[in-house]
Amino acid sequence: MYFHYLLDATLGPRVIYYVIECSVCGFDEVYFKSPESGELLGRACANCNCFQKFDFDKNVGKKTQLHHKCS
Ligand SMILES: [Zn+2]
């Protein structure tokens, strides 16, 4: 459950965009997008407690990484 709260605090409101196999553990790695703008928010694997938040620079439209806690 802690992981769920971590995602709430980091990514905020989100919907599942798509799911792939985690490259680390082989469990489900979920990509989330914003329910409002449709922008990709980040990705997370609940099995290895790994998440990454994507931050989009509105000026250049470039994707930067704010958090990367994958081990
Ligand atoms: Zn994993």
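The values are calculated or read from the model by the stated rules, or taken from the named source; none is laboratory data. In this text the structure is predicted, and so the values were computed from the model without any measurement. To get the accessible areas, we keep the full protein, side chains included, count just its heavy atoms, and leave off ligands, DNA and RNA. Shrake-Rupley method; radii C 1.70, N 1.55, O 1.52, S 1.80 Å.
Quick query: amide H of C50 versus all other amide H atoms, modeled in the peptide plane; which residues come in under 5 Å with a sequence gap of 5 or more or a different chain?
Those qualifying (amide H under 5 Å, at least 5 residues apart or on another chain) are C45.
Calculate what fraction, in whole %, of the accessible area of the stretch 1-53 sits on carbon and sulfur atoms when a 1.4 Å probe is rolled over the protein chains. Display every interim value, and only then the final one.
Values: 1680 of 3190 Å².
It is 53 percent, rounded to a whole number.
Which order do S34, S23 take when ranked by solvent-accessible area (1.4 Å probe, heavy atoms of all protein chains), largest first? Mind showing how you got there, number by number?
Values: S34 15, S23 110 Å².
Output order, biggest surface exposure first: S23, S34.
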